[in-house]
1. Could you tell me how far the Cα centroid of the stretch 66-90 sits from the Cα centroid of the stretch 140-158, in Å?
2. Would you mind ranking ILE300, ILE161, ILE196 by Cβ crowding within 10 Å, fewest neighbours first?
3. Taking the C-alpha atoms of the stretch 174-332, how large are the radius of gyration and the largest Cα-Cα span, Dmax, in Å?
4. I need to check one value: relative contact order of the stretch 16-106, counting alpha carbon pairs closer than 8 Å and at least 6 residues apart, in percent.
5. Cross-link list LYS202/LYS332; LYS105/LYS236; LYS105/LYS277; LYS170/LYS332; LYS5/LYS107; LYS158/LYS315: which exceed 31 angstrom alpha carbon to alpha carbon?
6. Let's see if you can work this out: charge +1 on each Lys and Arg Cβ, -1 on each Asp and Glu Cβ, no other charges. What is the dipole magnitude of the stretch 2-331 about its Cα centre, in debye to the nearest 20?
7. Any idea which of LEU177, ASN304, GLY235 is furthest toward the positive side of the dipole for the chain, if Lys and Arg beta-carbons carry +1 and Asp and Glu beta-carbons -1?
8. Normalised by the number of residues in the chain, what is the relative contact order in percent for Cα pairs under 8 Å and 6+ residues apart?
Amino acid sequence: MRIEKIDFGGLPALGLEAGGYEAIIVPSIGSNIVRLFHQPTGANILRTPQADEFETFKARPQVFGVPLLFPPNRIEDGTYTYEGQKYQYPITIPAENNYHHGIIKSKPFVVTKTSTGADFVEIETSFFSNCFQDEIYVNFPHSFECRMTFNLSAGGLKQTITFVNLSDRKMPVGMGLHTVMNVPFIEGSNRDNYRIKLSAGKRWELNSRTLPTEKLLDLTDDEALLRTEGIAPCGKEIISVMTNEPITADGKPYSGAILTDEANGVSVYYETDSQFKHWTLWNNGGEALFICPEPQSWTINAPNLRLPTELTGFKAIDPGASWDAVTHFYVK
């Protein structure tokens, strides 16, 4: 068991090891998990910045590791209004006139707690926003804390994300994780031997701006295979936005993704709790050696959709209250 300070391409980072797993977390870039390795199988689960990619990582952390998106995905025209408060974000996709990918994925977190037990290690990192964090507060005028807890053990890596509303009015909370999983994740394997399963339910119809039209459709034939035998994660473009509805895995209801190397008989499970109501599945055109199953607590543009919040996942937390969500990586 270990937690140690390490240098990661010139960035201060934490190296963790427990239960046959190794992880690297970079608190200064959104507290991103940039490496997760399973020693017994050699599964290198997450896309890690290489020596010539650190500047790309700093500029676009969303294509490495497990960056936190708050809010997730796109906001139409970069704006929405909730209980009389207008939220206005910068336009980051001019061709669509949308804002996307959240406001704290590149922000520095501080390590607020560490612990080591007989069979686990755990760290907690925190980010605080208030009126002195001008870049955040001008777009999202709430004082809040975002806290991440990482627990590594023989059971895998469990990540708990907590938002605490430190403001005096209700605070909208929508978050996602732009999880970038290697294909292949075992050295020497062939990407053609990989399949991904996902607890996909219905498909959101999208317009030309990649925003939901407010119509839910049945999964396409290919998407329906996500619930059963799985689909190839690479080779052709995948951009699907879907609801999260449990599948059966190991004889039990399961919400999450399962990425399998069928030649080696190794599966990476990426399990989500009930707070994650939606998925975006994306593979950057199909030729990149990764797949992104992105769990989201609310769907794309949820604050602007004229649909029940039970469906969109839109949520707000009371002053002084907190909300959390949990994901869990493990290998079988």
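Here, each number is a calculation from the coordinates, and none is a lab measurement. Remember, predicted model here, so these are calculated numbers, not experimental data. Heads up, the Cβs are rebuilt from the backbone with ideal geometry, glycines too, and the neighbour counts pull from every protein chain shown.
1. Value for the Cα centre distance between the two parts: 21 Å.
2. On the way: ILE300 27, ILE161 20, ILE196 24.
So the ranking, lowest neighbour count to highest, is ILE161, ILE196, ILE300.
3. 15.8, 51
4. Details: 158 pairs, mean separation 21.9, N = 91.
So the answer I get is 24 percent.
5. Working: LYS202/LYS332 28 Å; LYS105/LYS236 28 Å; LYS105/LYS277 21 Å; LYS170/LYS332 41 Å; LYS5/LYS107 19 Å; LYS158/LYS315 23 Å.
Beyond 31 Å: LYS170/LYS332.
6. Approximately 480 debye in magnitude.
7. Final value for the positive-end residue is ASN304.
8. Values: 880 pairs, mean separation 57.1, N = 332.
Over the chain, the number comes to 17 percent.
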